[in-house]
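Q: Have a look at the structure that comes next, please.
Derivation of every value follows stated rules applied to the coordinates shown; laboratory data play no part. These numbers come from a predicted model, not from an experiment. Counting neighbours? That spans all protein chains shown, and the Cβs are built from the backbone with ideal geometry, glycine included.
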């Protein structure tokens, strides 16, 4: 507890975590980056990859058994397989087929959402990996 008569120490200036400059910061004129510094390479991921990842991931989690996430990514055959197994197989097996397809869709949705944009684009949009 501080005494009322003691002068308070000046507060140090704010330092962002890991010395990351705030958005919009421009370095002073003549600033040179440290030796060996390499800027990150430009991303070759299209702008729509993140929105497709989010839409496919949410549809996989919420509507996984119907295969909607497969149709969103352009995997028509895989989407039809999931839909037929869910609907026809669900009728024949009293819902077991739908339950299995829903678990598969749920797992795929979680996988989609946890991948980075680059990994998602490379795996599911460029290399066209249909299952898991």
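Q: Could I have the simple spin-label model distance between residue 87 and residue 106, label points 7 Å from Cα toward Cβ, reported in nm to one decimal?
A: 2.3
Q: What's the exposure ranking of 48, 119, going from fewest to most Cβ atoms within 10 Å? Kindly include the intermediate steps, with their values, before the conclusion.
A: On the way: 48 11, 119 14.
In order of increasing Cβ crowding within 10 Å: 48, 119.
Q: Please give the peptides 61-69, 105-113, 22-30, 74-82 ranked by average Cβ packing (other Cβ atoms within 10 Å per residue), highest first, as a rough proxy for protection. Write out the running numbers ahead of the final one.
A: Working: 61-69: 20.9, 105-113: 18.9, 22-30: 6.2, 74-82: 16.3.
Most protected by this proxy first, the peptides run 61-69, 105-113, 74-82, 22-30.
Q: By how many nm would the segment from residue 113 to residue 25 grow when fully extended, if each residue of separation counts as 0.36 nm and the alpha-carbon distance is taken off? Working shown, then result.
A: Values: separation 88, 0.36 × 88 = 31.68 nm, distance 3.09 nm.
Gain on stretching residue 113 to residue 25: 28.6 nm.
Q: I've got another one for you. Match the structure shown to one of the listed values [x] 11, 29, 22, 16, 10, 6, 4, 2, 0, 0; [y] 12, 31, 25, 21, 10, 1; [z] 11, 27, 17, 14, 12, 10, 6, 2, 0 of P(r) over Cα pairs in 10 Å bins from 0, in percent, computed from it, and give that label.
A: Of the labelled values, this structure produces [z].
Q: Next question. Which of the three applies to the range 49-126, rounded, prolate or oblate, going by the alpha-carbon gyration tensor with a ≥ b ≥ c and a/c under 1.5 meaning rounded?
A: prolate
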